[in-house]
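Input: a single structure, listed below in structure tokens.
The values are calculated or read from the model by the stated rules, or taken from the named source; none is laboratory data. As the structure is a computational prediction, the values presented were derived from the model and not from experiment. Cβ sites come from the backbone with ideal geometry, for glycine too, and all protein chains shown count toward neighbours.
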Amino acid sequence: MYTFESMENLKRLIDDAWYNRDMLSEASVIDAISQVMDSLDKGELRCAEPDGNGGWKVNEWVKKAVILNFPIQKMSTIEVGPFEFHDKIPIKTGYAEAGVRVVPHAIARYGAYIAPDTILMPSYVNLGAYVDTGTMVDTWATVGSCAQIGKDVHLSGGVGIGGVLEPLQAAPVIIEDGVFIGSRCIVVEGVRVGTEAVLGAGVVLTSSTTIIDVTAKKPIDHKGYIPPRSVVIPGTKPKNFPAGKYDVPCALIIGLRKESTDRKTSLNQALREHNVAV
């Protein structure tokens, strides 16, 4: 791991190169970018991380390094058996040593961290992403660049987790520990899904999606954030347009997973009680 001094030196080189692209030909800068990419791949650095106060902080300088990595890399042919790719970023390797199960045709790019005891069904994980231990990335699910996926998360079939590199200050999608995301859900634009929440099939969450808690006598609106243990389903709400009133998509919080039961039991109970499709 880095010392404070070595970390500050990396930050300085990356920041200087960000504002002076002529520095991208210098060996020290190329080495700094390479170190960041290697550390992302190993999970030693993250594009975003918990801030210790219940929130998250974006490491802008790490995202800068990811972006700066593209112009210094050359296109190359990657052959995997009968399959051929042509790209600047290598395919991630070393799964056996890392203790990760990878089912054909799962692909992760170099610079994505996949923790031990995770399972990648045929899926895609982009560079800068962080997938923590015990998580299942199910068939045809995608994890976008810099997305942060917690421990014991289940991304069901066809789930789309959006990525973000720019703007630098923009938060990536954050899926916290123990979350269950149902089939064909889409979570993009820096939305944060709180610990042990359940998203029923087909929920779409963007930064502008209205999330309505309908469990009390009066609705409570949220945007960009699903509170912990919420059970969420797709919904609609009326909106006035010049051509008339039409229903637009929203998300409805219809209940909570109970704290008194473990995650698996709580999930099954939540789906049963609220008749949520997954």
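If MET75 satisfies all but one of (1) among the aliphatic types (A, V, I, L, M); (2) under 25 Å from ARG12 (Cβ atoms); (3) surrounded by fewer than 17 Cβ atoms within 10 Å (Cβ to Cβ), what's the number of the condition it fails?
Unmet for MET75, out of (1) among the aliphatic types (A, V, I, L, M); (2) under 25 Å from ARG12 (Cβ atoms); (3) surrounded by fewer than 17 Cβ atoms within 10 Å (Cβ to Cβ): (2).
In the range 50-62, which residues are surrounded by 15 or more Cβ atoms within 10 Å (Cβ to Cβ) and of a type outside the set (A, V, I, L, M)? Break it down stepwise before answering.
So in the range 50-62, the residues surrounded by 15 or more Cβ atoms within 10 Å (Cβ to Cβ) come out as 56, 58-62.
Within the range 50-62, TRP56, ASN59, GLU60, TRP61 qualify.
Looking at LYS151 and the list (1) basic (Lys, Arg); (2) out of contact with any Asp or Glu (no Cβ under 6 Å at 6 or more places or on another chain); (3) more than 30 Å from ASN20 (Cα to Cα), which single condition is not satisfied?
Checking LYS151 against (1) basic (Lys, Arg); (2) out of contact with any Asp or Glu (no Cβ under 6 Å at 6 or more places or on another chain); (3) more than 30 Å from ASN20 (Cα to Cα), the one that fails is (2).
In the range 89-104, what count of residues is obtained for those that are outside any helix (DSSP H, G or I) and either surrounded by 13 or more Cβ atoms within 10 Å (Cβ to Cβ) or of a type in the set (Val, Ile, Thr) (or both)?
Going through the range 89-104 one residue at a time, the tally reaches 9.
Among the residues of the range 116-128, write down those that are free of Cβ contacts under 8 Å to residues at least 40 places away in the same chain and either assigned to a loop (DSSP other than H, G, I, E, B) or under 18 Å from GLU44 (Cβ atoms) (or both).
PRO116, ASP117, THR118, MET121, PRO122, SER123, VAL125, ASN126, listed by residue number.
Kindly indicate whether LEU24 is closer than 30 Å to ILE175 by Cβ and either hydrophobic (A, V, I, L, M, F, W, C) or touching a helix residue (DSSP H, G or I) at 6+ places or on another chain (Cβ under 6 Å) (or both). Reasoning before the result, please.
Numbers: closer than 30 Å to ILE175 by Cβ: no; either hydrophobic (A, V, I, L, M, F, W, C) or touching a helix residue (DSSP H, G or I) at 6+ places or on another chain (Cβ under 6 Å) (or both): yes.
Spelling it out, it is not the case that LEU24 is closer than 30 Å to ILE175 by Cβ and either hydrophobic (A, V, I, L, M, F, W, C) or touching a helix residue (DSSP H, G or I) at 6+ places or on another chain (Cβ under 6 Å) (or both).
Considering only residues of the range 44-85 that are part of a strand (DSSP E or B) and over 23 Å from MET7 (Cα atoms), which is modelled with the lowest pLDDT?
Residue satisfying both the conditions and the ranking: VAL80.
If I ask for residues that are in contact (Cβ under 8 Å) with a residue 40 or more places away in the chain, under 19 Å from PRO228 (Cβ atoms) and assigned to a loop (DSSP other than H, G, I, E, B), which ones from the range 173-202 would you list?
GLU176, ASP177, GLY178, GLY182, THR195, GLU196, ALA197, GLY200
Kindly evaluate LYS258 against the criterion of being at pLDDT below 95 and either out of contact with any strand residue (DSSP E or B) (no Cβ under 8 Å at 6 or more places or on another chain) or surrounded by fewer than 17 Cβ atoms within 10 Å (Cβ to Cβ) (or both).
For LYS258, the condition - at pLDDT below 95 and either out of contact with any strand residue (DSSP E or B) (no Cβ under 8 Å at 6 or more places or on another chain) or surrounded by fewer than 17 Cβ atoms within 10 Å (Cβ to Cβ) (or both) - is met.
Report whether or not GLY150 is surrounded by fewer than 21 Cβ atoms within 10 Å (Cβ to Cβ) and either closer than 26 Å to ILE67 by Cβ or without any contact (Cβ under 8 Å) to a residue 12 or more places away in the chain (or both). Explain how you work it out, then say what you get.
Values: surrounded by fewer than 21 Cβ atoms within 10 Å (Cβ to Cβ): no; either closer than 26 Å to ILE67 by Cβ or without any contact (Cβ under 8 Å) to a residue 12 or more places away in the chain (or both): yes.
Here the answer is no, as GLY150 does not meet what is asked.
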